[in-house]
Amino acid sequence: MLDNFDRFNSFHDWIFAGYSADSRGSAVYLELVSDDFKEHKTIVFMDVTRCLVTEYGMENIVYSLDILVDFDSPKFVAARQILDRSTPFDRGLSPKKIAVLLASFGGEAWIEYSTYRVLSKNPG
């Protein structure tokens with residue numbers, strides 16, 4: 001089932017339960033589970049050029065998940081610099097949206113992409 005990302009705000013206190021990448025399809029999948037375990041969402045980012053995940057461990061609690069689209073904003077510039085340091089081969093390309101998952105604890109992620117969709121999974 002497809003959902004609108006904006007409906008979930010920042011996913012604050014959700015669990016960053018997993019991630020995977022399909023390099024042939026240029027897709028990245030983030031698995032998020034609500035803190036009460038009643039909701040499970042998969043965010044699929046498509047046309048991904050760069051992705052960095054750090055500090056991922058057994059427990060990963062989301063502080064915020066932001067979509068950066070203002071290419072001149074300080075947050076966007078900072079996120080792009082992080083990606084430039086991690087994967088310098090895509091420097092100089094036209095800017096794309098960046099999703100930034102920041103943690104209260106554990107894993108964080110920066111994903112440069114064109115489009116996304118949110119999939120709901122039934123609980124249980």
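Yes or no, residue by residue, for (1) free of Cβ contacts under 8 Å to residues at least 40 places away in the same chain; (2) outside any loop (DSSP other than H, G, I, E, B); (3) of a type in the set (V, I, T); (4) under 20 Å from Y19 (Cβ atoms):
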site	(1), (2), (3), (4)
C51	no, yes, no, yes
Y56	no, no, no, yes
Y63	no, yes, no, yes
K75	yes, yes, no, no
Residues in segment 77-103 that are in a strand (DSSP E or B) and of a type in the set (G, A, S): how many? 2
I need a count of the residues in segment 59-75 that are at pLDDT below 95, surrounded by 13 or more Cβ atoms within 10 Å (Cβ to Cβ) and of a type in the set (V, I, T). 1
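The values are calculated or read from the model by the stated rules, or taken from the named source; none is laboratory data. These numbers were taken from a predicted model, which means no experiment stands behind them. Reconstructed Cβ throughout: ideal geometry from the backbone, glycine too, with neighbour counts over all protein chains shown.
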